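Student: After the structure tokens below, expect a handful of questions from me.
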Amino acid sequence: MIALLIVAYQGGYIFSGDDDSNQASAIESNDEPGQSNSLDEIHPLASTCLSHGGLTRHDHMYLTIQIEDQFVTIPENVGVNSDVCSESGADMHVVHTHSSDGKLHLEMQTDEEVELGVFFDIWGQHFDETGIFDYRVNSTHELVMYNRDGNSTLEEIDSFDNYILLDGQDIIISYRERV
């Protein structure tokens, strides 16, 4: 039982809330049969493997995900020593995590644009304008995305998975009841 809980937590299926009890809880999804999934077409950069050597780009950005009133813990080591990238000297994806604090590491040996959707493809999670994880936009729920700048001003973003990752971004994704 404990092993199952650990795997569920590391896989991002258990969310940590900000309620007073500070206990982890799962959220029911509104998964419907036959719904679209961004994982149907994996971005080519999601399969690119590298090491820390010879980098031309090493950027950091933060990602916060909220499903209704609960914050999602992004697992540590997403994109590190995965099934795709596991060889010595090439054990990391271009976007990965080392900790569970939402800090994304974007490392590349070329200087090209990388979309946020690449990280979700690496993580193995659905994310696009139709929804996130198993949660879909519908008549009662919406998906909104923001970038918080250095002055804490929120700019709404509508490019979702196509949003270009840049150093210093603070990206916030929220699946919530329509307002």
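Student: Under 23 Å from residue 53 (Cα atoms) and of a type outside the set (D, E, K, R): does that describe residue 152? Spell out the reasoning first.
Tutor: Values: under 23 Å from residue 53 (Cα atoms): no; of a type outside the set (D, E, K, R): yes.
Spelling it out, it is not the case that residue 152 is under 23 Å from residue 53 (Cα atoms) and of a type outside the set (D, E, K, R).
Student: Before we move on, is residue 58 at pLDDT below 90, exposed (fewer than 14 other Cβ atoms within 10 Å of the Cβ) and under 28 Å from residue 150 (Cβ atoms)?
Tutor: It is false that residue 58 is at pLDDT below 90, exposed (fewer than 14 other Cβ atoms within 10 Å of the Cβ) and under 28 Å from residue 150 (Cβ atoms).
Student: Okay, moving on. Can you name every residue in region 87-97 that is modelled with pLDDT of 95 or more and either among the small types (Gly, Ala, Ser) or closer than 12 Å to residue 55 by Cα (or both)?
Tutor: Passing the criteria: only 94.
Student: Restricting attention to region 81-95, which residues are part of a strand (DSSP E or B) and touching a helix residue (DSSP H, G or I) at 6+ places or on another chain (Cβ under 7 Å)? Reasoning before the result, please.
Tutor: First pass over region 81-95, keeping only residues part of a strand (DSSP E or B): 87, 90, 92-93, 95.
Hits for region 81-95 are 93, 95.
Student: Further question: Considering only region 68-79, I want to know if a residue exists there that is at pLDDT 95 or above, assigned to a loop (DSSP other than H, G, I, E, B) and small (Gly, Ala, Ser).
Tutor: Within region 68-79 (the criterion being at pLDDT 95 or above, assigned to a loop (DSSP other than H, G, I, E, B) and small (Gly, Ala, Ser)), the answer is yes, since at least one residue qualifies.
Student: Could you tell me whether region 112-126 includes any residue that is over 16 Å from the mean Cα position of the chain (by Cα) and under 23 Å from residue 157 (Cβ atoms)?
Tutor: Yes: one or more hits.
Student: Do we have any residue at all in region 98-105 that's in a strand (DSSP E or B) and either modelled with pLDDT under 95 or over 24 Å from residue 129 (Cα atoms) (or both)?
Tutor: Kept after step one, since they are in a strand (DSSP E or B), are these residues of region 98-105: 103-105.
This time we only want the ones that are either modelled with pLDDT under 95 or over 24 Å from residue 129 (Cα atoms) (or both), so: none.
The answer is no, given that none of the residues of region 98-105 is in a strand (DSSP E or B) and either modelled with pLDDT under 95 or over 24 Å from residue 129 (Cα atoms) (or both).
Student: Within region 147-156, identify whether any single residue is outside any loop (DSSP other than H, G, I, E, B), more than 30 Å from residue 56 (Cβ to Cβ) and in contact (Cβ under 8 Å) with a residue 24 or more places away in the chain, and answer yes or no.
Tutor: For region 147-156, residues outside any loop (DSSP other than H, G, I, E, B), more than 30 Å from residue 56 (Cβ to Cβ) and in contact (Cβ under 8 Å) with a residue 24 or more places away in the chain: absent.
Results for (1) buried (at least 17 other Cβ atoms within 10 Å of the Cβ); (2) out of contact with any Cys (no Cβ under 8 Å at 6 or more places or on another chain); (3) on the phi > 0 side of the Ramachandran plot, shown as yes or no for each residue.
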residue: 77; (1), (2), (3): no, yes, yes
residue: 92; (1), (2), (3): yes, no, no
residue: 113; (1), (2), (3): no, yes, no
residue: 138; (1), (2), (3): no, yes, no
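The values are calculated or read from the model by the stated rules, or taken from the named source; none is laboratory data. All of these numbers come straight from a predicted model, not from anything done at the bench. Because the Cβ atoms are built from the backbone with ideal geometry, glycine has one as well, and the counts that use them run over all protein chains shown.
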